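Chemist: The structure follows.
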Amino acid sequence: MRATSQQDLPDKQRVEEIIVRVQAGERECFSYIVEVYQQPVYRYCCRMLGNRQDAEDAVQDVLVKAYQSIRGYKLVVSFSAWLYRIAGNHCLNLLRRRRIQGQFIRLFRQEAVALSPEQKLDERLYSPALEEALGRLSFEERNLLVLRVFEEQSFLEISSILKLSPNALHKRMERIKRKIRETMQTEEGMSWDGQESVMSTKI
C-alpha cells in the first residue's frame, strides 16, 4: 500500500497563483489544478468509497464542483483542504445514496446478489487486513484516517476540512488507532505489525 510521498505533493504557492488567474477569468488554467490533484483525489475517493469505478466517477464530479465554485475560494489554510472538503462531502452523499439503495433492493429481493470478479477485486483493492479494519470505521473516522495517513494532510488542514480543533483531532486519532489495532489483531491471519510503523509516524 502506497502512501502519498513528499514528491507527490503540489507546490502550494504555484497552486495559489494559478487559482488567482482562474478567478480572474483565465479559466483554461484550471487544467493545471486537474493535472495536480486528479490522482490524489482519486486515491482519496477510492479509499472512502472502496470501489475504483465509483472513485473514477467521483473524482470527475469533485473537480467539476471545484471548477464551478472556484470564485468562492479564499485562502485560509490551503487549497487542498478546500478541495478535500468538497470531495469528502461528495463521498458522504454517495455512501448515503448507496446505503438507501441497498436497503430498497433488500426489501424487494430475497436472494443474495453475487459479486462479479471485478467487484471482488475492487473491494480488495488495498491490503485486505487494513481494508477490513477501515470497513469497520464510521465515515468520519475513515475520513480522518485517510486524510492524515494516506493523503498526509497536516492537522491544521484537517481541522479546516472537518471543522474540528487540532486537539480534538489528536484524541480521535488515538481512538481510531486503537480500534484498527484491535480489529486487525482479532481477525484470523491479520496482523497490526505491518501497519504500526506507518501509522505511528503520522498519527
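Chemist: Identify the single condition in (1) touching a Ser or Thr at 6+ places or on another chain (Cβ under 8 Å); (2) modelled with pLDDT under 90 that PHE104 does not satisfy, given that it satisfies every other one.
Modeler: So PHE104 meets the others, but not (1).
Chemist: Read through the list (1) at pLDDT 75 or above; (2) assigned to a helix (DSSP H, G or I); (3) not β-branched (Val, Ile, Thr), then give the number of the only condition that LEU137 fails.
Modeler: Status for LEU137: all satisfied but (2).
Chemist: Cβ contacts < 7 Å: first residue over 12 Å from CYS46 (Cα atoms), restricted to segment 136-157; second residue of a type in the set (D, E, K, R) and part of a helix (DSSP H, G or I), any location; separation 6+ or different chain. Result?
Modeler: Pairs that qualify, where the first residue is over 12 Å from CYS46 (Cα atoms) and the partner is of a type in the set (D, E, K, R) and part of a helix (DSSP H, G or I), are LEU137/LYS179; LEU144/ARG172.
Chemist: Report, by residue number, each residue of segment 73-98 that is assigned to a helix (DSSP H, G or I) and either of a type in the set (Lys, Arg) or surrounded by fewer than 17 Cβ atoms within 10 Å (Cβ to Cβ) (or both). First the steps, then the outcome.
Modeler: Step one: list which residues in segment 73-98 are assigned to a helix (DSSP H, G or I), which gives 79-98.
Result: ARG85, ASN89, LEU92, ASN93, LEU95, ARG96, ARG97, ARG98.
Yes/no per residue for (1) of a type outside the set (Phe, Trp, Tyr); (2) in contact with a helix residue (DSSP H, G or I) (Cβ under 8 Å, 6 or more places away or on another chain):
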{"site": "GLU17", "(1), (2)": "yes, no"}
{"site": "VAL20", "(1), (2)": "yes, no"}
{"site": "PHE30", "(1), (2)": "no, yes"}
{"site": "ILE33", "(1), (2)": "yes, yes"}
{"site": "TYR37", "(1), (2)": "no, yes"}
{"site": "TYR42", "(1), (2)": "no, yes"}
{"site": "ARG47", "(1), (2)": "yes, yes"}
{"site": "GLY50", "(1), (2)": "yes, yes"}
{"site": "ASP57", "(1), (2)": "yes, no"}
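Chemist: Residues that are modelled with pLDDT under 50 and either among the small types (Gly, Ala, Ser) or open to solvent by 30 Å² or more (accessible area, probe 1.4 Å) (or both): does segment 142-151 have at least one?
Modeler: The initial filter retains those residues of segment 142-151 that are modelled with pLDDT under 50, namely none.
There is no residue in segment 142-151 that is modelled with pLDDT under 50 and either among the small types (Gly, Ala, Ser) or open to solvent by 30 Å² or more (accessible area, probe 1.4 Å) (or both).
Chemist: What's the number of the condition GLU111 fails, among (1) modelled with pLDDT of 50 or more; (2) acidic (Asp, Glu); (3) surrounded by fewer than 11 Cβ atoms within 10 Å (Cβ to Cβ)?
Modeler: If we test GLU111 against (1) modelled with pLDDT of 50 or more; (2) acidic (Asp, Glu); (3) surrounded by fewer than 11 Cβ atoms within 10 Å (Cβ to Cβ), just (1) comes out false.
Conditions (1) in a helix (DSSP H, G or I); (2) modelled with pLDDT under 85; (3) β-branched (Val, Ile, Thr); (4) open to solvent by less than 50 Å² (accessible area, probe 1.4 Å), marked per residue:
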site: SER159; (1), (2), (3), (4): yes, no, no, yes
site: LEU169; (1), (2), (3), (4): yes, no, no, yes
site: MET173; (1), (2), (3), (4): yes, no, no, yes
site: ILE176; (1), (2), (3), (4): yes, no, yes, yes
site: ILE180; (1), (2), (3), (4): yes, yes, yes, yes
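Chemist: I'm checking my understanding of the structure. Among residues of segment 43-72 that are among the basic types (Lys, Arg) and open to solvent by 60 Å² or more (accessible area, probe 1.4 Å), which one is farthest from LYS12 (Cα to Cα)? Don't jump to the end; show me each part of the working.
Modeler: Our first condition is that a residue be among the basic types (Lys, Arg); within segment 43-72, this holds for 43, 47, 52, 65, 71.
Subsequent filtering for residues that are open to solvent by 60 Å² or more (accessible area, probe 1.4 Å) retains 52, 65, 71.
Working: ARG52: 28, LYS65: 20, ARG71: 18 Å.
Restricting to residues being among the basic types (Lys, Arg) and open to solvent by 60 Å² or more (accessible area, probe 1.4 Å), the top hit is ARG52.
The values are calculated or read from the model by the stated rules, or taken from the named source; none is laboratory data. What you are looking at is a predicted structure, and each value in this text was computed from that prediction instead of being measured. Note: ideal-geometry Cβ built from the backbone for every residue, glycine included; neighbour counts use all protein chains shown. Protein only, heavy atoms only, side chains kept; ligands, DNA and RNA dropped before computing areas. Shrake-Rupley method; radii C 1.70, N 1.55, O 1.52, S 1.80 Å.
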